[in-house]
Amino acid sequence: MRRPSFFEGVVVALIVSVVAAAVFTVPAMLFGGGGVHRLVIAGIGFAYVLYLLARSRERVGRVTVVALWLGLAAATWLLAPPLLIYVAVHIGMVWLIRSLYFHASVLSALADLGLNGLALTAALWAGMQTHSLWLGIWCFFLVQALFVAIPPQWRRPQPGPLPTRDATDCFETAHQAAESALRRFSSVR
């Protein structure tokens, strides 16, 4: 399975924001907003986690991840922290799953954490400016679509193995390696 693209993320953002706004509207009018907010947040988070797991190349631990996500989501629901902390817990779970399944280095995971913070900030700003749940969710997932631009691993490329040579050519190989090291050493200064 190939890595998701930015445009796929934009489509996911559009679908999730439209569905979440539609699902939120009727129950919020009938039952009030507090519990419905939390239910919509948990539903969006779970749907996005399932999407990430479906798009990941890794096959190990999926059932465990879903079970842990459901357990943590239920515990957060029962503890009923303030709404911003509730949202942060769900974003943290998304970040952790994305870090485990899409990133191979700590720097990539930290960049993803920063992207999640930026997405939350954009969502809060858009929601506060427009008073639109749809636009807040759209902005959040639009920024989330940028996670595909984070390289899975931030390392300098390692040079490949030296080509194999005959035993009679060992001196020449050592001589070339020494000259190469001297060139690198002299260029550093």
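Of note:
- For the range 6-149, the extents of the C-alpha atoms along the principal axes are 44, 30, 23 Å, listed from largest to smallest.
- The charge dipole of the chain, taken about its Cα centre with unit charges on the Cβ of Lys, Arg, Asp and Glu (plus for the first two, minus for the last two), comes to roughly 40 debye.
- Ellipticity at 222 nm from helices only: DSSP H runs of n ≥ 4 in the chain, each -39500 (n - 2.57), divided by the residue count, give -26000 deg cm²/dmol.
Readers should treat all values here as calculations from the given coordinates under stated rules, not as data from a laboratory. Just so you know, these numbers come straight off a predicted model, no measurement behind them. As a convention, Cβ positions derive from the backbone with ideal geometry for all residues, glycine included, and neighbour counts pool all protein chains shown.
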